[in-house]
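S.K.: Submitted below is the structure of interest, expressed as structure tokens.
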Amino acid sequence: GIFTLDNIKYRPVIESPADAFKLDFGMIKKLGYTPSNKKYYIYIVIHPKFKGWVKIGRTTNCLERLRQYQTGCPLRDYKMVYQKFIPNSITVTNIENYFKINIHNNGFEWYKCTVETAINIIENFESL
């Protein structure tokens, strides 16, 4: 699409979905939005009843986040199988958005893919 910023119109060059989200956040910053300077972990949670699905999320405290899942689960069988510290909240958002665009999901942070695929996307996100 064509974006208008300070009465200047331009058509961005987007080579991948990740580029689209990087551009969007650049636009938001130019419009005066200040992104959170919180530092997050991005994590993957699985549950044995949801085979083939992974939960991708963000938190500032992995142990507390897993406890929150377990609260609603009488068997306490959610497992956090991966976590990675990401010092930039925009990068975390870009990773989450990449999953939303490219991996089948239920609309709520659960994605139909293997743990290995999810880890590979997160670990190699900047090169996608």
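The values are calculated or read from the model by the stated rules, or taken from the named source; none is laboratory data. The shown structure was predicted, so the numbers you read here are calculated from the model rather than taken from an experiment. We place every Cβ from the backbone using ideal geometry, glycine too, and count neighbours over all the protein chains shown. Just the protein is used for accessible areas: all its heavy atoms, side chains included, with ligands, DNA and RNA removed. Shrake-Rupley method; radii C 1.70, N 1.55, O 1.52, S 1.80 Å.
S.K.: From THR59, THR71, which residue is closer than 20 Å to LYS38 by Cβ, free of Cβ contacts under 8 Å to residues at least 60 places away in the same chain and out of contact with any His (no Cβ under 9 Å at 6 or more places or on another chain)? Walk me through it before giving the result.
M.R.: Numbers: THR71 fails: closer than 20 Å to LYS38 by Cβ.
The unique qualifying residue is THR59.
S.K.: Just give me the residues in segment 36-51 being in a loop (DSSP other than H, G, I, E, B) and either in contact with a His (Cβ under 7 Å, 6 or more places away or on another chain) or open to solvent by 40 Å² or more (accessible area, probe 1.4 Å) (or both), in sequence order.
M.R.: Within segment 36-51, the first condition is being in a loop (DSSP other than H, G, I, E, B), and the residues that meet it are 36-39, 47-51.
Those that are in a loop (DSSP other than H, G, I, E, B) and either in contact with a His (Cβ under 7 Å, 6 or more places away or on another chain) or open to solvent by 40 Å² or more (accessible area, probe 1.4 Å) (or both): SER36, ASN37, LYS38, LYS39, PRO48, LYS49, PHE50, LYS51.
S.K.: Look through segment 71-128, keep the residues that are assigned to a loop (DSSP other than H, G, I, E, B) and hydrophobic (A, V, I, L, M, F, W, C), and return whichever of them is surrounded by the fewest Cβ atoms within 10 Å (Cβ to Cβ). Spell out how you get there, then give the answer.
M.R.: Taking segment 71-128 as the starting set, the residues that turn out to be assigned to a loop (DSSP other than H, G, I, E, B) are 72-78, 87-88, 103-104, 106-109, 113-114, 124, 128.
Then drop every residue that is not hydrophobic (A, V, I, L, M, F, W, C), which leaves 73, 75, 103, 108, 113, 128.
Numbers: CYS73: 11, LEU75: 9, ILE103: 16, PHE108: 7, CYS113: 19, LEU128: 14.
For segment 71-128, the residue satisfying everything is PHE108.
S.K.: Then there's this: Of the numbered conditions (1) among the aromatic types (Phe, Trp, Tyr); (2) modelled with pLDDT of 90 or more; (3) open to solvent by 90 Å² or more (accessible area, probe 1.4 Å), TYR33 fails exactly one; give the number of that condition.
M.R.: (2)
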